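**Student:** What follows is a single structure, and I will ask about it in a moment.
The values are calculated or read from the model by the stated rules, or taken from the named source; none is laboratory data. On a predicted model such as this, the values are computed, not experimentally measured, just so you know. Note that each Cβ is placed from the backbone with ideal geometry, even for glycine, and that neighbours are counted across all protein chains shown.
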Amino acid sequence: MSTELEIDLEYKKVVAEHTRVIHGEEVVYIDRGKGKNKLLVGLATLMNKGVYAGVKSYYKDYPGDVLCLVDPDNTYYLRSDRGLHIRSVVSEIVKDYKPENVVFCGASMAGFAAIDLALFFDANAVVNNPQVNLDATYETAWPKLREVIDQIEQKYNIDELSFRSRSSVIGAAFGQHPMDLVNRDALFKLCARTPGVGLIFGNSHDVEHKYYYQGINGFLKMVDMVFSHRELMVGIHSKFPRS
């Protein structure tokens with residue numbers, strides 16, 4: 001069994017060997033050298049203090065390429081420009097991959113960014129208890145999270161945006177906390193009114209706002225399901241092309 005020190009050293013080694021600076025933003029980009037096949041984009045969530053979430057597990061257990069980002073100021077990756085900077089950073093990597101082979105992953109705050117970026121790039125997302133509508137989130141959130149939302153300079157609700165048609169597939173797990181229920185409903189409405197979007201949905205009995213995927217293996221099973229569903233949808237979209 002690895003000690004905490006060994007795990008910490010492993011994390012630092014992966015980060016040190018794979019850090020890149022794009023438009024002034026430090027990211028971790030792991031290129032497996034397999035021809036830009038699949039890309040998993042891991043987004044660190046609230047109060048992560050600049051730590052790249054999941055980077056060790058992705059490095060060891062995910063066979064495709066990996067891009068990891070952080071949002072140390074807890075802005076839902078919107079920063080002060082409605083997410084323009086983050087989109088420009090991500091675009092420098094994502095542009096080399098087919099949209100159907102890209103999946104954005106995040107929980108809670110990072111789930112907001114994962115869905116937002118997936119729909120922007122017509123890619124895919126795997127999320128856990130994501131926020132979708134920040135106004136509804138605010139009304140049902142605890143005081144500390146309200147403080148976080150208050151300090152975002154330019155925020156918006158994803159479910160109020162218009163994406164026209166998309167081919168994105170979103171895999172989502174939700175619990176029964178009031179905040180998660182309102183965001184679950186917001187995601188349903190967004191998917192229902194956006195032609196071409198696929199949704200794989202898991203509904204936990206748990207009333208707490210927590211993480212539901214069972215370790216890295218459970219999480220990667222959902223990633224595989226999302227990619228498989230996207231392949232299935234290709235046949236549907238080819239038969240009934242976008243207007």
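**Student:** Just a yes or no: is a residue in segment 143-159 hydroxyl-bearing (Ser, Thr, Tyr) and out of contact with any Phe, Trp or Tyr (no Cβ under 6 Å at 6 or more places or on another chain)?
**Tutor:** yes
**Student:** Filter segment 161-186 for residues that are at positive phi and crowded, with 20+ Cβ neighbours inside 10 Å and give the result.
**Tutor:** none
**Student:** I'd like the residue in segment 106-144 that is of a type in the set (Phe, Trp, Tyr) and not in a loop (DSSP other than H, G, I, E, B) and, out of all such residues, is surrounded by the most Cβ atoms within 10 Å (Cβ to Cβ).
**Tutor:** PHE112
**Student:** Follow-up. Considering only residues that are touching a residue at least 12 places away in the same chain (Cβ under 8 Å), part of a loop (DSSP other than H, G, I, E, B) and not basic (Lys, Arg), which ones fall in segment 29-38?
**Tutor:** Passing the criteria: ASP31, ASN37.
Every residue, every condition in (1) crowded, with 19+ Cβ neighbours inside 10 Å; (2) of a type in the set (Phe, Trp, Tyr); (3) touching a residue at least 40 places away in the same chain (Cβ under 8 Å), yes or no:
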site: ALA44; (1), (2), (3): yes, no, yes
site: LYS49; (1), (2), (3): no, no, no
site: ASP61; (1), (2), (3): no, no, yes
site: THR75; (1), (2), (3): yes, no, yes
site: SER80; (1), (2), (3): no, no, yes
site: LEU84; (1), (2), (3): no, no, no
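**Student:** Here's another thing I want to ask about it. All but one of (1) under 22 Å from HIS209 (Cβ atoms); (2) more than 16 Å from the chain's Cα centre (by Cα) hold for LYS60; state the number of the condition that does not hold.
**Tutor:** Going through the list (1) under 22 Å from HIS209 (Cβ atoms); (2) more than 16 Å from the chain's Cα centre (by Cα), LYS60 breaks only (1).
**Student:** Check PHE219 against each of (1) modelled with pLDDT under 95; (2) part of a helix (DSSP H, G or I) and name the one condition it does not meet.
**Tutor:** (1)
Yes/no per residue for (1) in contact with a Lys or Arg (Cβ under 9 Å, 6 or more places away or on another chain); (2) in a loop (DSSP other than H, G, I, E, B):
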position: TYR11; (1), (2): yes, no
position: VAL21; (1), (2): no, no
position: VAL27; (1), (2): yes, no
position: LEU40; (1), (2): no, no
position: TYR52; (1), (2): no, yes
position: LYS60; (1), (2): no, no
position: PHE104; (1), (2): no, no
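**Student:** Regarding GLY171, is this residue free of Cβ contacts under 8 Å to residues at least 60 places away in the same chain, within 19 Å of the chain's Cα centre (by Cα) and not in a helix (DSSP H, G or I)?
**Tutor:** Yes; evaluated as a whole, the condition is true for this residue.
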